[in-house]
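Accompanying notes for the structure given below.
The values are calculated or read from the model by the stated rules, or taken from the named source; none is laboratory data. Since the model is a prediction, treat every value here as computed from it, not as a measurement. Cβ placement follows ideal geometry from the backbone for every residue including glycine, while neighbour counts extend to all protein chains displayed. Accessible surface is based on the protein model in full, side chains and every heavy atom, while ligands, DNA and RNA are left aside. Shrake-Rupley method; radii C 1.70, N 1.55, O 1.52, S 1.80 Å.
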Amino acid sequence: MLNHITHRTRVTCLLMSLMLVSMYLNAQKLNDGITLETEVSGTVSSGDYAPLWLSANKHGKVSPYDNSAYERVGLFRSIDTDSARVWKRGYGIDLMLNQHSTSTFFIQQAYIEAAYMKVNVSLGAKERSIDLKNNELTSGGLSAGLNAHPIPQLRIEIDYFSFPGTRGWWKWKMRGSFGMTTDAGWQKDFVRPGTRYTNNTLYHEKALYWKFGKENATKCPLTFEIGLQMFTQFGGKAYNVDYREHIGGTQTVEMPENLKAFWRAVFGGGRDVTDFTESNNSGNMLGSYNMRLAWHGNTGKKNAWEVGAYFERFFEDQSMLTLQYGIQDHLIGFDAKFPKNRFISAAAIEHLSTRNQSGAVYHDATKSIPDKMNGKDNYYNHNIYTGWQHWGMAIGSPLITSPIYNEDGRIYFRNNRVKAWHFGLCGDPTPELHWRLFMTFTQNWGIYFIPFKDVQKQQYYMAEVGWKPSKLKGWSGRLAFGLDHGDLIGNSFGTQLTIHKSFTLTK
């Protein structure tokens, strides 16, 4: 068996991907700007798991287990190839073989996309960046991150456009998507008998952002971006489900996938079968408010620079959706991109806190007790679904310990009450060399329902150097060293070597 999804599903997905790309190529005759990307990577470590920053925030490509490797081959046409055209089109298919991972074969990416002016439509699985943060240096986003395998989806995006009458000083952008997770087979194999797992969970995302100011303004190049990003897990089937606040159980729950279910995924409302007499939102609904304030210097020039501050406030269902509970839980960050120099190109510092979660008390309103108390939010967990994860990796921040690290055969987040400081630096001493340095310090309390006896401290370090030799066209490599120390996922020292070769097939 090549991977944990069924043979029929795997073959169907692969044939559909190839058929869509073939149809797309034949219809549009898109034979220019095609590149072939190949990559091999190996990780060796001393602990039971690889150091966190050698596997986290890599879109699920690198296994978190101790000694692993992968080989990739992909065919891509960037949508930027058509940058001078009104209609833009791109596609990609990216296949992986893995050793000592959750699967021996992955269709990592398989997508087609088209854009007209500000509107982009894409179909399939694609690795995507996260909003308002330096994707190379951040610890990740709370609601959406870089940590898990891409989820196949139909996605519509409208990039920033000027609000009428504001001359570009007030812009909007928005997006929405529907998709389905692909880790049903892995879940069934990972869990021990009688514990919860899900099958064919549906996925929905929506986001709306406002942007004030202009980066290239002469007198005041200050911009402020603020947005709301929301997600819903719905549909599918869940096995061995118990009532709220329990991990195990014996029920099989088949969630609705009718038109009303899609409507509620977008607009909220409804109830789950485990909601007793009090209704909650149907499915697993979560999201975050995202903000960024930035000052841009010398925009468009070689010595451009930027300093910024960003803030993310996470919420589950209706809890934390308003300012009622303050900002005790947050991701606050500061970053900078420096003018071109040989020492430091960019830096970031972040503080993460998810310890409060609306407080330690939860109680729905009833006839006898009309006061509702929204506490114990239990970030990333859900009483029906296996939580905000895909293939065992947190879809959001990797500092909230992913289920892949559980050794009890259960898929849930055993540690979501975290405080952390994260530091990231990178530099380009020569056009051929690039380096990164991470240092992360965390305190961990477990979850409200199963707290750790003592606070568990864990530290994560990573140093990486990349080389792109000018004399070896298309070749590049990275060598990284990682170190973990602490009580949460243990001590580990490891090294990772990645070699990449890009071929230009057509110009």
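The distance separating the Cα centre of segment 442-471 from that of segment 183-230 comes to 21 Å. For residue 61, the lysines whose Cα falls under 26 Å of its own Cα, not counting residues fewer than eight places away in the same chain, are 126, 133, 188, 206, 468, 473, 501.
Across the chain, Cα pairs under 8 Å and at least six residues apart give a relative contact order of 15 percent. In the structure shown, the pairs 171/302; 58/301; 58/214; 58/173; 214/302 are assessed against 24 Å; a Cα-Cα span above that value is assigned to 171/302; 58/301; 58/214; 58/173. Mean separation of Cα pairs under 8 Å and 6 or more residues apart, divided by the residue count, gives segment 126-174 a relative contact order of 27 percent.
Counting only heavy atoms of protein chains, what accessible area per residue, in Å², does segment 406-502 have with a probe of 1.4 Å?
Working: 4920 Å² over 97 residues.
I get 51 Å² per residue for segment 406-502.
How much accessible area per residue does segment 66-153 have, in Å², with a 1.4 Å probe? Walk me through the numbers on the way to the answer.
Values: 3230 Å² over 88 residues.
Counting only protein heavy atoms, the per-residue value for segment 66-153 is 37 Å².
Compactness check for segment 126-231: Cα Rg over 2.2 N^0.38 Å is 1.43.
Label separation (residue 99 vs residue 208): 5.1 nm, computed from points 7 Å beyond Cα along the C-beta direction. Helix content alone sets the calculated 222 nm mean residue ellipticity of the chain: runs of n ≥ 4 DSSP H residues at -39500 (n - 2.57) each, divided across all residues, give -2500 deg cm²/dmol.
Ignoring ligands, DNA and RNA, what percent of the 1.4 Å accessible area of the chain is carbon and sulfur? With neighbouring chains kept in place, the figure for the chain is 62 percent.
For segment 172-271, what class follows from the C-alpha gyration tensor (a ≥ b ≥ c being the square roots of its eigenvalues): rounded when a/c is under 1.5, otherwise prolate if a/b is larger than b/c, else oblate? The shape class here is prolate. Dividing the C-alpha radius of gyration of the chain by 2.2 N^0.38 Å, with N its residue count, gives 0.97. In segment 398-507, one over the average inverse separation of all distinct C-alpha pairs is 16.6 Å, which is the Kirkwood hydrodynamic radius. Listed by chain and number, the aspartates and glutamates whose C-alpha is less than 18 Å from the C-alpha of residue 88, apart from same-chain residues fewer than 8 away, are 32, 80, 113, 157, 159.
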